[in-house]
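Visitor: After the structure tokens below, expect a handful of questions from me.
The values are calculated or read from the model by the stated rules, or taken from the named source; none is laboratory data. It should be emphasised that the depicted structure is a prediction, and the values quoted were computed from it without experimental measurement. Neighbour counts run over all protein chains shown; Cβ positions are idealised from the backbone, glycine included.
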Amino acid sequence: MSDDELYFGPPTDYQKTVRNEQAPLYRRFVAWIVVGSILLVVFSAGILILLFVLDVDVFPEEPVLGKELVISKNAFGKRERVFYENDATEDDARRLGRFLQEIGYFQGHAKADAVLAIADNTVTISFPLERGWDDAETIAVFESLLPDLSRDLFAGRPVQIQLCLPKATRDRWDRWHLTVKKVIK
């Protein structure tokens, strides 16, 4: 029988020897693949747990609610921001941010946003809230801010406050909007 022919019988002594010599290498190769796979899974799980503990969005999709002014940012990445749009300026947003820090809305340890819009001589400030837009006490707190905002920050212009859902949504033209739950005038 020549070497070119296929042999379907029991393995020859040469084949047994080659197989036995290659077996330890194959076992080591498989062992390294298994150990490497386990280490990769453990490392990935550790990273995800760390990101969860630090409350970091892994793939955040940030809504664009206007121009952004970051008022403060803590060590864990929690930002306090004022977005401003329409006729509102960065100076208006900065004054509003300072005011919100003074009254304790921006406390420096949690994520908080406000959206400032000035149109037709009316100032609209939107606050995304997890809950409380239908709570009488929360509404009373925001109503008490209206005179101070109008008089001290916006030169007597009428101010309205919108209490909104915390997640922005896109409309059919791919623009971001907050869903308004309560308007306080």
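Visitor: Show the residue pairs meeting these rules: Cβ distance below 6 Å; 6+ apart or different chains; first residue within region 171-182 and under 16 Å from Tyr84 (Cβ atoms) and assigned by TED's automatic domain parsing to the domain that holds Ile125; second residue modelled with pLDDT under 75 and part of a loop (DSSP other than H, G, I, E, B).
Guide: Taking only residues 6 or more apart or on different chains, the pairs are Trp176/Pro63; Trp176/Val64; Trp176/Leu65.
Visitor: Among the residues of region 123-134, count how many are at pLDDT below 85 and either surrounded by fewer than 16 Cβ atoms within 10 Å (Cβ to Cβ) or part of a strand (DSSP E or B) (or both).
Guide: 3
Visitor: Can you pull out every residue in region 146-171 that is hydrophobic (A, V, I, L, M, F, W, C) and out of contact with any strand residue (DSSP E or B) (no Cβ under 7 Å at 6 or more places or on another chain)?
Guide: First pass over region 146-171, keeping only residues hydrophobic (A, V, I, L, M, F, W, C): 146, 149, 153-155, 159, 161, 163-165, 168.
Answer for region 146-171, where residues must be hydrophobic (A, V, I, L, M, F, W, C) and out of contact with any strand residue (DSSP E or B) (no Cβ under 7 Å at 6 or more places or on another chain): Leu153, Ala155.
Visitor: If a residue has to be surrounded by 10 or more Cβ atoms within 10 Å (Cβ to Cβ) and either in a strand (DSSP E or B) or aliphatic (A, V, I, L, M) (or both) to count, how many in region 135-145 make the cut?
Guide: The qualifying residues number 4.
Matching residues to (1) assigned by TED's automatic domain parsing to the domain that holds Ala155; (2) among the basic types (Lys, Arg); (3) modelled with pLDDT of 70 or more:
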| site | (1), (2), (3) |
| --- | --- |
| Ala31 | no, no, yes |
| Leu39 | no, no, yes |
| Leu51 | no, no, yes |
| Lys78 | yes, yes, no |
| Tyr84 | yes, no, yes |
| Gly97 | yes, no, yes |
